[in-house]
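The values are calculated or read from the model by the stated rules, or taken from the named source; none is laboratory data. Since the model is a prediction, treat every value here as computed from it, not as a measurement. For neighbour counting, all protein chains shown are included, and Cβ atoms are generated from backbone atoms with ideal geometry for every residue, glycine included. Surface accessibility is based on the protein's heavy atoms, side chains included, excluding ligands, DNA and RNA. Shrake-Rupley method; radii C 1.70, N 1.55, O 1.52, S 1.80 Å.
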Amino acid sequence: MKISILTLFPEMFTGVFQQSILKQAQDRGVITYDVKNFREYTKDKHNRVDDYPYGGGGGMVLTPQPLFDAVEATKTNNDSEKPPRIVLLCPQGDRYDQKKAEEFAQEDHLILICGHYEGYDERIREHLITDEVSIGDYVLTGGEIGAMVITDSVTRLLPGALGNDTSAITDSYSTGLLEYPHYTRPKEFKGYKVPDVLMSGHHGKIDEWRREQALKRTYERRPDLLEEVELSDKDQKYLSTLQSKTKK
Ligand code: ADE
């Protein structure tokens, strides 16, 4: 897979892509990142990529030409037959979640466009991109941090990116539930103990405890997620006992 990032601040990505899993994934040949400054594509003689809005008002707007040319150059520079997903990062986009990360992880090529200033010329939205994505209901100074969030969450889903492939499957959201609590040594720390069941060696009981804890945590923190999850009769029964205890 390849992720291309079009930005005015390419240096922002240097540290992020040179550490930990994102670095390992590149070293293992699982993914290629390609960060480009789209200012290099402007035909403006003063090197500008933005201009005043027609109709007046404050702020500057990104002009279409540099981004159209940068996307064209990025597209043609790719050997995959599948057309790329061209994603505009902006607060008005579809809210990014694990499902979207899983969908993007199926692609061969993602092009992430990071804007700054007041906004984008609307023709970029109408005629250049395939998706608009927001990483949350707040306004950032630009799309770069959003592009890092997408890159990170997509990369870790690719086969071979994490040392242990099962960890991406059991983590929070992939199962539809929040994760159960984890413990490691020591058995007792400052008088706080590890639950007995985890040291019982009884795998059936441990699995049952973990499932219940995941259900409990999801019920308490994100009950909205329970509507989307497939629940067994046993799960339903456990949730009913929780409900009767908390009278939610
Ligand atoms: N640019 C500014 N705010 C943003 C957000 N919430 N998500 C993605 N890109 C943005």
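Taking residues in region 138-150 that are of a type in the set (Phe, Trp, Tyr), and partners anywhere that are in a helix (DSSP H, G or I), not one pair has Cβ atoms closer than 8 Å while being at least 6 places apart or on different chains. Of the residues in region 110-120, none is over 18 Å from the mean Cα position of the chain (by Cα), over 23 Å from Ile21 (Cβ atoms), more than 16 Å from the ligand (Cβ to nearest atom) and surrounded by fewer than 19 Cβ atoms within 10 Å (Cβ to Cβ). Residues that are open to solvent by 50 Å² or more (accessible area, probe 1.4 Å) and either over 28 Å from Glu102 (Cβ atoms) or not charged (D, E, K, R) (or both) within region 192-229 comprise Tyr192, Lys193, Asp196, Met199, Ser200, Gly201, His202, His203, Lys205, Pro223, listed in sequence order. When Gly57 is tested against (1) more than 11 Å from the ligand (Cβ to nearest atom); (2) open to solvent by 70 Å² or more (accessible area, probe 1.4 Å), just one condition goes unmet, and that condition is (2).
Whenever a residue of region 1-25 is more than 18 Å from Arg156 (Cβ to Cβ), its partners that are at pLDDT 95 or above and not in a helix (DSSP H, G or I), lying with C-beta atoms within less than 6 angstrom and at least six residues away or across chains, give the pairs Ser4/Asp34; Ser4/Ile111; Leu6/Lys36; Leu6/Ile113; Thr7/Cys114; Pro10/Val35; Pro10/Asn37. Looking at region 27-37, can you tell me whether even one residue there is open to solvent by 50 Å² or more (accessible area, probe 1.4 Å), part of a strand (DSSP E or B) and in contact with a Lys or Arg (Cβ under 6 Å, 6 or more places away or on another chain)? So far as region 27-37 goes, yes, one or more of its residues are open to solvent by 50 Å² or more (accessible area, probe 1.4 Å), part of a strand (DSSP E or B) and in contact with a Lys or Arg (Cβ under 6 Å, 6 or more places away or on another chain). Scanning region 65-103 for residues that are within 14 Å of the ligand (Cβ to nearest atom) and out of contact with any Ser or Thr (no Cβ under 8 Å at 6 or more places or on another chain) yields Leu88, Asp97, Lys100. Tally up the residues in region 96-133 that are among the small types (Gly, Ala, Ser) and under 20 Å from Ser174 (Cα atoms), please. Residues meeting the conditions: 2.
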